[in-house]
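> Submitted below is the structure of interest, expressed as structure tokens.
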Amino acid sequence: MALILGLESSCDETAAALVTSERRILAHKLAGQEAQHAPFGGVVPEIAARAHVEMLTPLVEAALDEAGIALDQVDAIAATAGPGLIGGVMVGLVTGKALAMATGKPLIAVNHLEGHALSPRLADPTLTFPYLLLLVSGGHCQLLLVEDVGTYRRLATTIDDAAGEAFDKTAKLLGLGFPGGPAVERAAAQGDAQAVPLPRPLLGSAEPHFSFAGLKSAVLRARDSGQYRPEDIAASFQQAVVDCLIDRTARALQQAPNATALVVAGGVAANQAVREALEGLAAQHRLRFVAPPLWLCTDNAAMIAWAGAERLAAGLTDDLDVPARARWPLDPMAEKARGAGVKA
Ligand code: KG4
Ligand code: ZN
């Protein structure tokens, strides 16, 4: 059995967790920064980096305390090394390096996306490779065939905005507050999903890529028309996103006939309408549907510790000079999607 300390600081959550290779989560601690970023309607990188500096060490201490573990009982330190906001990534990775150096234990530099990709295996011991993963977060919208630890085939990505980003921008346009996803979901529950005609970008296209920028512009036009209630726009927007996610995922399933399960991860997986629609799609394809518990879907350090446990078991550890990376594609062989923007 190995005990891994995981650190996460790539966006606006600071987190530390202790997880064993036998899937026991001994502690997971998390400090959000919503209140600090809320006045700006989005994550401000400098504010995030400073908050990570202030919060990370106390969270590591709190995790060790809660688990009743001394630092030198840990077998390895896993830290997110990218992709993400570089200031925050550096805070977590440097902290991980310092702890690894102090204890003489191995460092594991974890790709944040790999954390999301493997987190379903922490929650579900019976989930085996390969599985099709829909990773939908604020920074990413990808379909990945997870073939093994360290082997990921990217079947699709977004050519512009990520799905979570579209939720966040829609919330901002409708004045629903930050973070946007949960706010849009709450408003949508009071609205009519058929009320506002909105586009479904790329629906039916041959490659399973995503696009959400046009949807966001259509939300802006609907708002400015003054014809619709915000709740109806929110519900119609959410339905359009669900339709796109389902159509694109169905397309990817055609390219992954050996997948043993359909898995969803990332912050948008917290959305009930998204989960239910994916569950229906999996049932249609007679596939298992796996969605980790909500707290494991959004950013956290348990998924980083778990990815560390999987990598350690595979003999994959890193030198102390491993760099922090703002961009770090999980599948370096994947072709750039046509029209792709700047996202990793
Ligand atoms: O995975 P995550 O915590 O952070 C990264 O982006 O890596 O995902 C955060 C994203 C945000 O865009 C947030 O608005 C979205 O997930 N989100 C949701 C919901 N909860 C969080 N989107 C739709 N519905 C939700 N209930
Ligand atoms: Zn994430």
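The values are calculated or read from the model by the stated rules, or taken from the named source; none is laboratory data. On a predicted model such as this, the values are computed, not experimentally measured, just so you know. Because the Cβ atoms are built from the backbone with ideal geometry, glycine has one as well, and the counts that use them run over all protein chains shown.
> Select from the stretch 26-48 the residues that are under 19 Å from the mean Cα position of the chain (by Cα), of a type in the set (A, V, I, L, M, F, W, C) and away from ligand 1 (no atom under 14 Å from the Cβ) and list them in ascending order.
Across the stretch 26-48, the qualifying residue is only Val44.
> Being under 21 Å from Glu147 (Cβ atoms) and touching a Lys or Arg at 6+ places or on another chain (Cβ under 8 Å) is the requirement here; does Leu262 meet it? Write out each step before concluding.
Working: under 21 Å from Glu147 (Cβ atoms): yes; touching a Lys or Arg at 6+ places or on another chain (Cβ under 8 Å): yes.
In short, yes.
> Something else: How many residues does the stretch 118-142 contain that are within 16 Å of ligand 1 (Cβ to nearest atom) and buried (at least 24 other Cβ atoms within 10 Å of the Cβ)? First the steps, then the outcome.
As a first pass, look at the stretch 118-142 and keep what is within 16 Å of ligand 1 (Cβ to nearest atom): 118-120, 122-123, 133-142.
Filter once more, so that each one left must be buried (at least 24 other Cβ atoms within 10 Å of the Cβ): 118-120, 133-138, 140-142.
Residues meeting the conditions: 12.
> Can I ask one more? Filter the stretch 27-43 down to the residues that are crowded, with 17+ Cβ neighbours inside 10 Å and within 18 Å of Ile86 (Cα to Cα) and list them by number. Give the derivation first.
Taking the stretch 27-43 and keeping what is crowded, with 17+ Cβ neighbours inside 10 Å, we get 27-31, 33, 37, 43.
Hits for the stretch 27-43 are Gln33, His37, Val43.
> Taking the condition of being in contact with a His (Cβ under 9 Å, 6 or more places away or on another chain) and aromatic (Phe, Trp, Tyr), how many residues in the stretch 300-328 meet it?
The total comes to 1.
> Let me ask something else. Just to be sure, is Leu134 at pLDDT 95 or above and within 16 Å of ligand 2 (Cβ to nearest atom)?
Numbers: at pLDDT 95 or above: yes; within 16 Å of ligand 2 (Cβ to nearest atom): yes.
It is true that Leu134 is at pLDDT 95 or above and within 16 Å of ligand 2 (Cβ to nearest atom).
> Mind checking which pairs have a first residue in the stretch 181-196 that is over 24 Å from Asp299 (Cα atoms) and a second that is part of a loop (DSSP other than H, G, I, E, B) and not charged (D, E, K, R), Cβ under 8 Å, 6 or more apart or different chains?
Pairs found: Ala195/Tyr228; Val196/Tyr228.
> Which one is farthest from Val136 (Cα to Cα) among residues in the stretch 156-171 that are near ligand 1 (Cβ under 7 Å from one of its atoms) and charged (D, E, K, R)?
Taking the candidates together, the pick is Asp168.
> Looking at Leu135, is it over 22 Å from the mean Cα position of the chain (by Cα) and either within 30 Å of Leu316 (Cα to Cα) or in the same structural domain as Asn271 (by TED's automatic domain parsing) (or both)? It would help to see each step written out before you state the result.
Numbers: over 22 Å from the mean Cα position of the chain (by Cα): no; either within 30 Å of Leu316 (Cα to Cα) or in the same structural domain as Asn271 (by TED's automatic domain parsing) (or both): yes.
So Leu135 does not fit the description; no.
> Pick out the one residue from Val146, Val196, Val184 that is more than 14 Å from ligand 1 (Cβ to nearest atom), over 17 Å from the mean Cα position of the chain (by Cα) and at negative phi. Lay out the reasoning, then the answer.
Working: Val146 fails: over 17 Å from the mean Cα position of the chain (by Cα); Val184 fails: more than 14 Å from ligand 1 (Cβ to nearest atom).
Going through Val146, Val196, Val184 in turn, just one is more than 14 Å from ligand 1 (Cβ to nearest atom), over 17 Å from the mean Cα position of the chain (by Cα) and at negative phi: Val196.
> Evaluate the following for Ala240: is it buried (at least 23 other Cβ atoms within 10 Å of the Cβ) and touching a Lys or Arg at 6+ places or on another chain (Cβ under 7 Å)? Even if it seems obvious, please write down each step before you answer.
Numbers: buried (at least 23 other Cβ atoms within 10 Å of the Cβ): yes; touching a Lys or Arg at 6+ places or on another chain (Cβ under 7 Å): yes.
So Ala240 passes the test.
> Follow-up question, since we're still on this one. Would you pick out the residues in the stretch 184-197 that are out of contact with any Asp or Glu (no Cβ under 6 Å at 6 or more places or on another chain), of a type outside the set (D, E, K, R) and part of a helix (DSSP H, G or I)? Quick ask: steps written out before the conclusion?
Keep residues of the stretch 184-197 that are out of contact with any Asp or Glu (no Cβ under 6 Å at 6 or more places or on another chain), which gives 184-186, 188-189, 193-194, 197.
The next check asks that each one be of a type outside the set (D, E, K, R); those that pass are 184, 188-189, 193-194, 197.
Answer for the stretch 184-197, where residues must be out of contact with any Asp or Glu (no Cβ under 6 Å at 6 or more places or on another chain), of a type outside the set (D, E, K, R) and part of a helix (DSSP H, G or I): Val184, Ala188.
> Before we move on, is Gln272 surrounded by fewer than 23 Cβ atoms within 10 Å (Cβ to Cβ), touching a helix residue (DSSP H, G or I) at 6+ places or on another chain (Cβ under 8 Å) and assigned by TED's automatic domain parsing to the domain that holds Arg186?
Taking the combined requirement at face value, the residue satisfies it.
> Search the stretch 282-328 for residues being modelled with pLDDT of 95 or more, of a type in the set (Asp, Glu) and assigned to a loop (DSSP other than H, G, I, E, B), and hand back the single one that is surrounded by the fewest Cβ atoms within 10 Å (Cβ to Cβ).
The qualifying residue surrounded by the fewest Cβ atoms within 10 Å (Cβ to Cβ) is Asp321.
> Exactly one condition in (1) away from ligand 2 (no atom under 16 Å from the Cβ); (2) touching a residue at least 60 places away in the same chain (Cβ under 8 Å) is false for Thr158; which is it?
Unmet condition: (1).
> Taking the stretch 1-25 on its own, how many of its residues are within 16 Å of ligand 1 (Cβ to nearest atom), part of a loop (DSSP other than H, G, I, E, B) and hydrophobic (A, V, I, L, M, F, W, C)?
So the answer is 1.
> Looking at Ala269, Ala252, Ala218, Ala259 in this structure, which one is away from ligand 1 (no atom under 16 Å from the Cβ), in contact with a strand residue (DSSP E or B) (Cβ under 7 Å, 6 or more places away or on another chain) and in a helix (DSSP H, G or I)?
Details: Ala269 fails: away from ligand 1 (no atom under 16 Å from the Cβ); Ala218 fails: in contact with a strand residue (DSSP E or B) (Cβ under 7 Å, 6 or more places away or on another chain); Ala259 fails: in a helix (DSSP H, G or I).
Sole residue among the options that is away from ligand 1 (no atom under 16 Å from the Cβ), in contact with a strand residue (DSSP E or B) (Cβ under 7 Å, 6 or more places away or on another chain) and in a helix (DSSP H, G or I): Ala252.
> Filter the stretch 164-194 down to residues that are touching a Phe, Trp or Tyr at 6+ places or on another chain (Cβ under 6 Å) and of a type outside the set (Ser, Thr, Tyr) and give me whichever is surrounded by the fewest Cβ atoms within 10 Å (Cβ to Cβ). Before the answer, list the steps.
Filtering the stretch 164-194 for residues touching a Phe, Trp or Tyr at 6+ places or on another chain (Cβ under 6 Å) gives 166, 170, 180-181, 184.
Right, trim to of a type outside the set (Ser, Thr, Tyr) and you get 166, 180-181, 184.
Details: Ala166: 29, Gly180: 24, Gly181: 26, Val184: 30.
Among those residues, the one meeting the criterion is Gly180.
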